[in-house]
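Report on one structure; see the data block that follows.
The values are calculated or read from the model by the stated rules, or taken from the named source; none is laboratory data. It should be emphasised that the depicted structure is a prediction, and the values quoted were computed from it without experimental measurement. Neighbour counts run over all protein chains shown; Cβ positions are idealised from the backbone, glycine included. We work out accessible area using only protein heavy atoms, side chains counted, and drop any ligands, DNA or RNA first. Shrake-Rupley method; radii C 1.70, N 1.55, O 1.52, S 1.80 Å.
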Amino acid sequence: MADDASDNAHEKPTQLFTLKKWNAVAVWNWDVECDTCAICRVQVMDACLRCQADNKQDECVVVWGECNHSFHNCCMALWVEQNNRCPLCQKAWVIQGTGK
Amino acid sequence: MIRCIFLVLDRTYVLQNSMLPSLWDLGLDLFRENVLSREHVRERCFFGLLNLIKRERSGDTIDRCLLRNLLSMLNDLHIYHTMFEKRFLHETEESYSIEGSAKRSSMEVHEYLIHTERRISEERDLCLACMDHSTLKPLTLCVEEQLISKHTEALLSKGLSHLIVENRIDDLMRLYKLFSAVKDGIQSLCTHFNKHVKNVASLIVLDVSNDHTMVQDLLDLKEKLSNIVTKCFSKDLKFVEALREAFESSINKRQNKPAELIAKYVDQRMKSGNKEATEVELDRTLDQIMMLFRFIHGKDVFEAFYKKDLAKRLLVGKSASVDAEKSMLSKLKQECGGMFTGKLEGMFNDISHSKELMAQYRQHVTTKKEGKVPNIDMSVNILTMGYWPTYPPMEVQLPSYLVKLQDSFKDFYLSKHSGRKLSFRASLGHCVLKSKFKNGNKELQVSQFQALVLLLYNEATCFSFLQIKSDTQIEDSELRRTLQSLACGKARILTKSPKGKDVNDGDNFNLNTEFKHKLIRIKINQIQLKESVEENTDTTERVFQDRQYQIDAAIVRTMKTRKTLSHQLLLTELYDQLKFPLKATDIKKRIESLIERDYMERDKDNTTQYHYMA
Ligand SMILES: [Zn+2]
Ligand SMILES: [Zn+2]
Ligand SMILES: [Zn+2]
């Protein structure tokens, strides 16, 4: 049935079963190569420890460098004050994007 | 008479000469010296008096008037206190010492208590009627000593458990009252009470064969005992604490299981269909549950199991009452703090965010006018990974129009949220299928797996197990359970050949074209997988792994507010904050790890002092 061409295949008037309602469930997580932030060693899906202490879990997002490595945005912000290189690959740190 | 004659003289002359004794006193002195100083006379007199009292005690009616006059005479003669009272108390002590031992072994404890109470009141009665009132105190003390103090241990070990088990409110009240009169009586009672509760509660907790009633049994026990403390032990704080301590120690004699069962108990109350309870009753039940929850040392174990059930209730929309869910959450928050409930709250937020997002998505679809999106009412719950229990992804083969629908939503979602990955969990979805049977149209409420199987039957009326498996790609054991539910349950939409409960590789499944059902809307129940021991150990295991991380978070939170703290004070704070048993060595390891990660540092001069590093 996978190659059924018609989009409205589910609505043929003669067919026995028609899907009327679909309650689907999906899970989201950050699109990262490594689940753990190498700076604070907390899972990136969880807020970093500092944000947890401040109860700012919702604001703790992930940042990706051009090297494709990712960390908590706040962890990286503190890190670059000391050293403007990626802690994992030592390349100069250039932000590719942040999550939202 | 002599006194009367000389009364005038007494009043007028003697009173003015204070050196002289009054004639009345003179007379008494003479009587005392000449009559009662003679030992045998005095002895006979005392013997007679004590005998009279003995008879009264044994139940005879005596001439109380005579007794009172004689005793008052002794008082006037100044030998009541110096000689008689001592003898009397000694006699009393001996007689009650014998009686106490005899009655204690011949009577049931509650009879003995009644007897004792009666004795004390009889003695009081006699004393107030016939004796100098100053005797009341030593007399009562003496009786209490002989009848209660000497037997506290024996009475308590022989009778307390029985009285509590039988819920003998009056007898227990009497016990408390009598024991509170003697030194250390209440303390012994309290110790025995605590021991009894521990015995009974531990039995409930440790009896593996009665796990299904453990929580209800504990709740009933607690209610009964609290009632006894209130009614019989006058809400004495010592007893309140003894009860609390006994429950806490008993419930923690078994690891994890009580926490798990308490969570299950809440789930049963919270599920819809539990119509027996009104909102008010439900809230009361939740309060009682919280009382048990408070005793649990591994509160995070409870949280893990609670979360699993909560997830099911939220995703299947099976919750009896949103208010009750929120109320339970706030009770947990109040008890354990926001740290503890953060992820649970996150689950509720996910559900409400999903609703908002779906509204936006529908708007988006209608304005987009792509046209080709199938006319299916789709809603998606988007779960934040980490808030919810982990659900392993299971790839399945969807009909192409569903893939399209799914992708359309996914594109929309990712356009709103960058940097995210979204993956569907077919095992959690559920559907409504319209169906046209020969015997009438039906609306089937099914799981997504059940729906995927049934949709195959639009193409043919018979499939083999292996065909279904390759067409849907549903995981093997899931598929077998799904087919069982469709072909072996109450509403059989498929027929299985050969017949039988177990699904085997060679089985064929035919569409039951003759399907009949008295209802229009039919819910096809899924075969509930009994939560395996393995699954439960898994949950507890994850809890233990999570503890390290909880410790880290608590240390950082504490150091961040306190900036500088000694090791000891930090430990104290942590014990206070964390809701599971902690070992000092584990905490030390976590502190080392945090120092290494530059969250904190040791003081340069004082190694037991830490500073927070911003
Ligand atoms: Zn981090
Ligand atoms: Zn953060
Ligand atoms: Zn890098």
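What to note about this one:
- Where a residue in segment B:71-84 is among the polar types (S, T, N, Q) and its partner, wherever it lies, is assigned to a helix (DSSP H, G or I) and surrounded by fewer than 18 Cβ atoms within 10 Å (Cβ to Cβ), with Cβ under 8 Å and at least six apart: B:N75/B:H81
- Checked against the criterion of being outside any loop (DSSP other than H, G, I, E, B), assigned by TED's automatic domain parsing to the domain that holds B:D283 and open to solvent by 40 Å² or more (accessible area, probe 1.4 Å), the candidates B:K333, B:K343 yield just one match: B:K333.
- Checklist (1) farther than 25 Å from B:I169 by Cβ; (2) open to solvent by 60 Å² or more (accessible area, probe 1.4 Å) applied to B:S234, failing item: (1)
- Boolean, A:D7 is at pLDDT below 90, within 8 Å of another protein chain (Cβ to nearest Cβ) and either surrounded by fewer than 20 Cβ atoms within 10 Å (Cβ to Cβ) or part of a strand (DSSP E or B) (or both): yes
- In segment B:487-510, the qualifying residues are those that are under 18 Å from B:K438 (Cβ atoms) and open to solvent by less than 20 Å² (accessible area, probe 1.4 Å), and the one that is modelled with the lowest pLDDT is B:A491.
For every residue, the table says whether it meets (1) open to solvent by less than 50 Å² (accessible area, probe 1.4 Å); (2) among the small types (G, A, S); (3) at pLDDT 90 or above.
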{"site": "B:N525", "(1), (2), (3)": "no, no, no"}
{"site": "B:F544", "(1), (2), (3)": "no, no, no"}
{"site": "B:A553", "(1), (2), (3)": "yes, yes, no"}
{"site": "B:V556", "(1), (2), (3)": "yes, no, yes"}
{"site": "B:S566", "(1), (2), (3)": "yes, yes, yes"}
{"site": "B:L582", "(1), (2), (3)": "yes, no, no"}
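- Filtered by the rule that a residue be under 16 Å from A:V25 (Cβ atoms) and open to solvent by 60 Å² or more (accessible area, probe 1.4 Å), segment B:409-428 gives B:K410, B:K421.
- Restricting attention to segment B:440-462, the residues being touching a residue at least 24 places away in the same chain (Cβ under 8 Å), loosely packed, with under 15 Cβ neighbours inside 10 Å and either within 7 Å of chain A (Cβ to nearest Cβ) or in contact with a strand residue (DSSP E or B) (Cβ under 6 Å, 6 or more places away or on another chain) (or both) number 2.
- Test: residue in segment B:600-607 that is at pLDDT 90 or above, over 28 Å from the mean Cα position of the chain (by Cα) and within 17 Å of A:V42 (Cβ to Cβ): yes
- Count of segment A:59-79 residues which are farther than 29 Å from B:S415 by Cβ and without any contact (Cβ under 8 Å) to a residue 40 or more places away in the chain: 1
- You will find that of B:F302, B:F247, the residue that is within 20 Å of B:D546 (Cα to Cα), open to solvent by less than 10 Å² (accessible area, probe 1.4 Å) and assigned by TED's automatic domain parsing to the domain that holds B:Q216 is B:F302 and no other.
- Condition met for B:D283 (touching a residue at least 40 places away in the same chain (Cβ under 8 Å), open to solvent by less than 20 Å² (accessible area, probe 1.4 Å) and charged (D, E, K, R)): no
- Within segment A:53-76, the set of residues being within 8 Å of ligand 2 (Cβ to nearest atom), open to solvent by less than 40 Å² (accessible area, probe 1.4 Å) and more than 18 Å from B:R420 (Cα to Cα) comprises A:C75 only.
- Test: residue in segment B:47-61 that is among the polar types (S, T, N, Q), at pLDDT 80 or above, assigned to a loop (DSSP other than H, G, I, E, B) and under 60 Å from the mean Cα position of the chain (by Cα): yes
- Qualifying residue in segment B:243-262 (condition: without any contact (Cβ under 8 Å) to a residue 24 or more places away in the chain and of a type outside the set (A, V, I, L, M, F, W, C)): no
- Residue among B:R68, B:R124 that alone is within 27 Å of B:A154 (Cβ to Cβ) and either outside the structural domain of B:F46 (by TED's automatic domain parsing) or at pLDDT 85 or above (or both): B:R124
- Among residues of segment A:33-45, those that are buried (at least 21 other Cβ atoms within 10 Å of the Cβ) and either within 11 Å of the chain's Cα centre (by Cα) or away from ligand 1 (no atom under 11 Å from the Cβ) (or both), counted: 1
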